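What follows is one structure encoded as structure tokens, with my remarks underneath.
The values are calculated or read from the model by the stated rules, or taken from the named source; none is laboratory data. Note that the structure is a prediction, hence the values are computed from the model and not measured. Reconstructed Cβ throughout: ideal geometry from the backbone, glycine too, with neighbour counts over all protein chains shown. When the accessible area is computed, the model is the full protein with side chains, heavy atoms only, and any ligands, DNA or RNA have been set aside. Shrake-Rupley method; radii C 1.70, N 1.55, O 1.52, S 1.80 Å.
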Amino acid sequence: MNFHRIYVEKAIRSHPRSEAILNSSPKAEIIECDRYGEVFNPRSQNFRFQKTKPSLILAKKQGQRVLSTPPDYGLGADRHFYFSHMLNCLYDCRYCFLQGMYQSANYVLFPNYEDFIQDIENTVEKYSGEKCFFFSGYDCDSLAMESMTEFAKSFLPYFKSQPRAWLELRTKSVNISTLLEQEPIENVVIAFSLNPDSVAKSLEYQAPPLSARLKAMAKLAKAGWKIGLRIDPIICVKDAIAIYSEFLNTIWESIPLEAVHSATLGSFRAPIGIFKKMETLYPEEPLFIRGLKNRNGMTCYEESMESSLRESIFDQLRDRLPADRIFSCQ
Amino acid sequence: MIFFVTALDCEAKPLIKAFQMKLMGGHGRAQFFGGDDVALVVTGVGSMRSAIGTTALGMSLASATNSVWLNVGICGHGKLDLGEAVIATKISSSTTGESIYPQCPWTVPWKGSHVKTLHCPSNEYEYGVAFDMEAYGFYEAALRFSPSECIQSIKIVSDNQHHPADRKFDKNRISELIERHIDDIVSCSKTAAQFSKIYKSPRWIDAIVEEATKNQGFTATQRIQLQKKLGQWSRLSEEEEPKTIRDLIDNAASKKEILSRLEDEIQGLAEKKLG
């Protein structure tokens, strides 16, 4: 990847992963800082402007690296956690909460993976005897920048050695060579975020088209990897029920059901404050205008608008998958 | 709109000429110049004066919000040759020790440099660092009006360790140094202005809001709602002439009906656009 500017915290500059990234970006201007927050957090930044040409920030992840997920975000394990080796995403999905959550669209990469792995290991030890699920891809796409970050390449060996710790790599990327180069790992799920082609085209800018994602899923399934279907968020477009129905049929035609580890269905939702920022950034965006309401501190679709679509998708998932493999996020 | 901030007359001269600006007033010792969608302030030397001049110019024009702000001036540099130009990638204050990191998401023809804003002139050059006396004050003040991406500080090297600064300014030489980069500065300012246009609403909206407030007696809250809805409508419809809106306002029986019919129009357009 070519960055025009790379900000680097002094504390992480000599880390081998930082050095490798800096050496592979000879044209980038290197700007040292004490703490990444000095660059990333100031309020007077415009996420939309920065998204046109983001810079990279290399920083040492301090403090808590592994966090519990909110109670409703699980996949049936005893404990669910998430961690973020990176903040911000290569893609530019208009519904994404990141654009309202962060002041900056610059990518922050935490190269101290060894500290993350140690924290994951400590968590697994703390809850010995319980099945722990670790989600990656909450604040970034897990695979989109693999060629630079080597994230999957670095983390998979740990999960291979620890069958009690499950990993979900959430992605829209078709960057799957790291996975195909090795044997599938029983406790690792490659979870693809999916939406019908027309929705992807109008809202998931820079992301691979649905057809490419389905091909990548099929290749991984064939190689023996477990696949997650993440239909999140569902978008209430015109004729949504018919569009989503056709979309689900395309999925069933693309991958064998036995490869599907789980399916989750999520509503469009954002905390009110975050939504307001998203709306201010993109005042012309129809998604932020049509049929939304504030409910329990969140901006989401009016119940009447969304419920029949949710039900329809749920029914079709139930027709194909056992109930204990279908989950809901609201 | 593009706003330039310089410390000295001689730094401003090539910009005033390039944009055909004319004197249009001032604030204290700061002098304002204006032209077609462009304004400039000559603030005087020093971070504080730069901050005051920037704020005064911004407060004097409603269009200052979300506009482009460029600080153009000379600097000393611990590495570069005389006449080279840099764009600030980090601006720190020698007084407070604090730093700002200007964001620049478009291509510029200049190298980036750390610019250190000093409170008094110095000939003690630091390798790779530019010295000036205004950038930090300018930047902090301009952040009140625009996001970081629209605010840049461009510095042209007037002295270095081989050619230390004279106590006395050679004004013609300074103008000449700026003049050498004027084409790039003009082009950069116009690119930046394209970005900031995203958030500018068409001028007819203000006129309609004024009319509606006067004729229909809109409250302050309703006025804000109308302004927001007209902005959404204009972006979704992409219509340049507000005839539809004028008809809608003329045919509505009440203020409430204007707002609800406008909302229906917006929802319809949004549905159509989203597919």
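The share of accessible area on chain B that comes from carbon and sulfur is 50 percent, using a 1.4 angstrom probe. Projected onto its three principal axes, the C-alpha set of the stretch B:2-198 covers 43, 31, 30 Å, listed from the longest axis down. Once C-alpha pairs closer than 8 Å and six or more residues apart are averaged by separation and normalised to the residue number of chain B, the relative contact order reads 19 percent. Summary of the geometry: the stretch A:164-226 and the stretch A:289-330, compared by the centres of their Cα atoms, lie 22 Å apart. Database remark: amide H of B:Ser146 closer than 5 angstrom to the amide H of B:Asn66 (H placed geometrically; neighbours at sequence offset of 5 or more, or on other chains; Pro and chain starts carry no H).
Largest GNM mean-square fluctuation among A:His15, A:His80, A:His261, using chain A with Cα springs under 10 Å: A:His15. In order along the stretch A:193-201, the phi-based Karplus estimate (6.51 cos²θ - 1.76 cosθ + 1.60, θ = phi - 60°) of 3J(HN,Hα) comes to 7, 9, 8, x, 3, 5, 5, 4, 5 Hz; Gly and Pro are listed as x. Note that chain A, at 4 °C in a medium of 1.567 mPa s, gets a Stokes-Einstein diffusion coefficient of 63 µm²/s from its Kirkwood radius over C-alpha pairs.
State to the nearest 20 debye the size of the charge dipole of the protein assembly as shown about its Cα centre, where the only charges are +1 on K and R beta carbons and -1 on D and E beta carbons.
That gives the protein assembly as shown a dipole magnitude of about 540 debye.
Roughly how many percent of the accessible protein surface of chain A is carbon and sulfur, given a 1.4 Å probe and a whole-percent answer? Carbon and sulfur: 48 percent of the exposed surface of chain A.
For the stretch B:185-267, what class follows from the C-alpha gyration tensor (a ≥ b ≥ c being the square roots of its eigenvalues): rounded when a/c is under 1.5, otherwise prolate if a/b is larger than b/c, else oblate?
prolate
Largest first, the three principal axis extents of the alpha carbons in the protein assembly as shown are 82, 70, 36 Å in whole numbers.
The Cα center of the stretch B:228-275 and the Cα center of the stretch A:122-147 differ in position by 47 Å. Count Lys and Arg as plus one, Asp and Glu as minus one, and take only other residues whose Cβ is under 9 Å from that of A:Ala165; the net charge is then +1. Comparing the full protein assembly with the isolated chain (1.4 Å probe, heavy atoms, ligands and nucleic acids excluded), the residues of the stretch B:89-127 losing at least 40 square angstrom of accessible area are B:Thr89, B:Tyr101, B:Gln103, B:Cys104, B:Pro105. For the protein assembly as shown, the per residue solvent-accessible surface stands at 44 Å², with DNA, RNA and ligands left out and a 1.4 Å probe.
Volume per residue for the stretch A:60-145 equals 114 cubic angstrom (convex hull of Cα atoms). Maximal additional length on extending the B:Gln216-B:Asp170 stretch stands at 10.5 nm, based on 0.36 nm per residue less the C-alpha distance.
For the chain pair A and B, the buried solvent-accessible surface (1.4 Å probe, both sides summed) amounts to about 2900 Å². For peptide A:190-203, the mean count of partner chain Cβ atoms within 10 Å of a residue's Cβ comes to 1.
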